[in-house]
1. Please give the number of the condition residue 362 fails out of (1) within 25 Å of the chain's Cα centre (by Cα); (2) free of Cβ contacts under 8 Å to residues at least 60 places away in the same chain; (3) within 28 Å of residue 90 (Cα to Cα).
2. Hey, among the residues in the stretch 483-493 that are at pLDDT below 95 and under 25 Å from residue 287 (Cβ atoms), which one's surrounded by the fewest Cβ atoms within 10 Å (Cβ to Cβ)?
3. Would you tally the residues in the stretch 273-291 being buried (at least 18 other Cβ atoms within 10 Å of the Cβ) and assigned to a strand (DSSP E or B)?
4. Given the structure, is residue 302 touching a residue at least 40 places away in the same chain (Cβ under 8 Å), surrounded by fewer than 22 Cβ atoms within 10 Å (Cβ to Cβ), not assigned by TED's automatic domain parsing to the domain that holds residue 46 and not in a strand (DSSP E or B)?
5. Looking at residue 462, is it under 30 Å from residue 411 (Cβ atoms) and at pLDDT below 95?
6. Name the residue that is surrounded by the fewest Cβ atoms within 10 Å (Cβ to Cβ), counting only residues in the stretch 261-270 that are part of a strand (DSSP E or B) and free of Cβ contacts under 8 Å to residues at least 40 places away in the same chain.
7. For the stretch 446-459, name all the residues that are under 15 Å from residue 295 (Cβ atoms) and either under 14 Å from the mean Cα position of the chain (by Cα) or buried (at least 20 other Cβ atoms within 10 Å of the Cβ) (or both).
8. Only one residue in 294, 248, 340, 325 is touching a helix residue (DSSP H, G or I) at 6+ places or on another chain (Cβ under 8 Å) and in a strand (DSSP E or B), so which one is that?
């Protein structure tokens, strides 16, 4: 017998976490409706389509394929039932600006071009590359990745898929035994320095921090597990892009009976378990239970009355937030073969960029940034003879975001791309869209316009993140990147499972299968 049969649930927000929760609750027998304020499903994983170009507006890396396999496996399906995967080679390309090994540009007289390296699926080739920078670095890479693999396997099994949201969950001999040897404390900067001296090698091992919304100095060393994700599990591309993954999760939900309402914002949450009232412009909804995948702070501060909030304004003001972003979505004539599908451009001293995000918020003087060129892999995302790409510059949330600032920073970034990668885009652009702090705030109701949510600092990890259960309203639950296990598509998929487990535990049913 399905344990939630006859129970109605509304999921507010159709991000990855909300779509995941909807699947699990529908599978348990609930009548589930997902309501989304925007015109499409996916939350931050939206798509932009115009003039024959298609862009994933948010997540663009398909990492941790094991998480997606587990998710679909929970419903007796596989990802290949919905989409195919291509392993990228190279995984990604890096340009190190004005480095010691830089070569002159092609007669422009504008100074050196950045040193370029590729990280490929070939481990031995990567070790040789590391050795070119530092004697013994190849063996150090093997040791580092073994520690990363251990952290990943133990961490995922005992600390990610199990929701340890209370202190007593950690005061357990078995938990202590599993945690022994994990790199729980210290910063990523200190941890990486134990293995590599060369700053470029340190940057290669730390670039994944962008997916966690942190910096090398404020992210716990535990997250060296991301290197296992990168080097061992690989970097993949789902045919059709990340949007195809969103379609797959939504299609699975529909097969399980989930209904979707887009273009329907929720403006207030009233009532409690068994008697909720959700206000929307199209009229009220009256579910038994509510799961909010809307921004956690937005839900608490804008949708709930003050006496029904678990956290006040002071709490949200005191948090450390992941960066926002300055984004350029560009359709250009011709090829951009100097760029790989995933390309990172890094300055020699990137800590100053992180400082201008977390310590002294301002537009970065010498930015680190990311270029995504899906047309290098997928010829359906751009018209014939054209390329689709976007540029993402992490910036501090809450920065002043004016048209004049966007224009001037656009010019700076296009100059930087040309100088350090050799790709001149300016005269080839046939389509351009921009997205920045104000857009994140308006489109996604994100606090201070953060692109990701709460950063993964030591004080905002595991039990220190806001819980899946409302602290003040019976029957109200939360899901998404601000809850455990945290930021990123795989983590939000798991967050959906953990939220469903909380619902089933509270309502007397078995956990999701």
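1. (3)
2. That would be 484.
3. Residues that pass the stated criteria total 6.
4. no
5. Judged against the criteria, residue 462 is not a match.
6. Applying the filter and picking the extreme gives 268.
7. 446, 447, 449, 450, 451, 452, 453, 454, 455
8. On the way: 294 fails: in a strand (DSSP E or B); 248 fails: in a strand (DSSP E or B); 340 fails: in a strand (DSSP E or B).
The unique qualifying residue is 325.
The values are calculated or read from the model by the stated rules, or taken from the named source; none is laboratory data. Quick caveat, the model's predicted, so the values are computed rather than measured. Methodologically, a virtual Cβ is constructed for each residue, glycine included, from the backbone with ideal geometry; neighbour enumeration extends over all protein chains shown.
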